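Only one structure is covered here, and it is reproduced in the block below.
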Amino acid sequence: MFLVFKDPSAVAQFVSERLVQLIKDKPAAILGLATGSTMEPVYERFCQDVKAQGLDVSQLSSFNLDEYIGLSADHPQSYHYYMNRYLFDHLNFAKSKTFVPDGTPVDVELHCEQYSQKIMDNGGIDLQLLGVGGNGHIGFNEPGTPFDSRTHVIDLSVQTRIDNSRFFDSMDEVPTRAVTMGMKDIMEAKQILFIATGANKADVVAALYASDYDEQMPASMLKRHPNTLFIIDEKAAAQLPASAVQRMA
């Protein structure tokens, strides 16, 4: 069942409320965080709500889904930079507890192993935010990624690079590989909020609805997670049958 909200602003309000409640219930919660344009209004609303309610986020830990290989943390298109710009710099996060995969590690395979291990050592993710790519990828887990994968290096598909090229000056600048949290890491989160907004996500949302549990549609893995909410707006829901949606006030 897809929860359908009027627009990205309403989606952001709902997601922020879930995050705020988690912090109140568990101040030292472990968050799994995502990037991309879908998350920008979510983080903006969350920052507003945290400040308005005077909440302390310094005990939180967070793990981001992915990072481009070859981009340093201070590169404007890196996900380190994104997270600082849209979230971490606005609230009293303890930077020592905010983890983003390293895009320039000395030993990338070792770094991947250590990243998954660090998630487990911290007790696993309490709440994971997820967007979705045009081909159904979550994190940077492209179609065909094994559902039992841990953090790994992925070759980015042509479609993913085209989708992300709007953030770069040219296609030549779009990285070809990334480090991504694995599918198994994601599935071990206690709760997952899948978020898709905008008309450009209508095709993939419809494909997800129609898909079986299939590695060629990575997001279909979430259908077997015991605590996933599929949160979308009206434009993203445009191709879904009425029986598949629950319209939210």
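Output the number of residues of segment 28-61 satisfying the condition of being of a type in the set (A, V, I, L, M, F, W, C) and touching a Ser or Thr at 6+ places or on another chain (Cβ under 7 Å). Count: 5. Would you be able to say whether some residue in segment 141-164 is free of Cβ contacts under 8 Å to residues at least 60 places away in the same chain, open to solvent by less than 50 Å² (accessible area, probe 1.4 Å) and assigned to a strand (DSSP E or B)? Yes. None of 65, 33 is touching a Gly at 6+ places or on another chain (Cβ under 6 Å), open to solvent by less than 20 Å² (accessible area, probe 1.4 Å) and closer than 30 Å to residue 247 by Cβ except 65. Scanning segment 165-185 for residues that are small (Gly, Ala, Ser) and part of a loop (DSSP other than H, G, I, E, B), we see that the one that is farthest from residue 196 (Cα to Cα) is 170.
Counting residues in segment 77-95 that are under 29 Å from residue 45 (Cβ atoms), in contact (Cβ under 8 Å) with a residue 12 or more places away in the chain, out of contact with any Gly (no Cβ under 7 Å at 6 or more places or on another chain) and in a strand (DSSP E or B) gives zero.
Applying the criterion of being assigned to a loop (DSSP other than H, G, I, E, B) and charged (D, E, K, R) to the residues of segment 187-236, the residue that is nearest to residue 10 (Cα to Cα) is 234. For segment 45-74, residues that are free of Cβ contacts under 8 Å to residues at least 12 places away in the same chain and in a loop (DSSP other than H, G, I, E, B) total 2.
Scanning segment 106-124 for residues being over 19 Å from the mean Cα position of the chain (by Cα) and open to solvent by less than 30 Å² (accessible area, probe 1.4 Å) gives a total of 0.
The values are calculated or read from the model by the stated rules, or taken from the named source; none is laboratory data. Predicted, not measured: the structure shown is a model, and the values here were computed from it. Glycine also receives a Cβ, built like all others from the backbone with ideal geometry; neighbour counts cover every protein chain displayed. Protein only, heavy atoms only, side chains kept; ligands, DNA and RNA dropped before computing areas. Shrake-Rupley method; radii C 1.70, N 1.55, O 1.52, S 1.80 Å.
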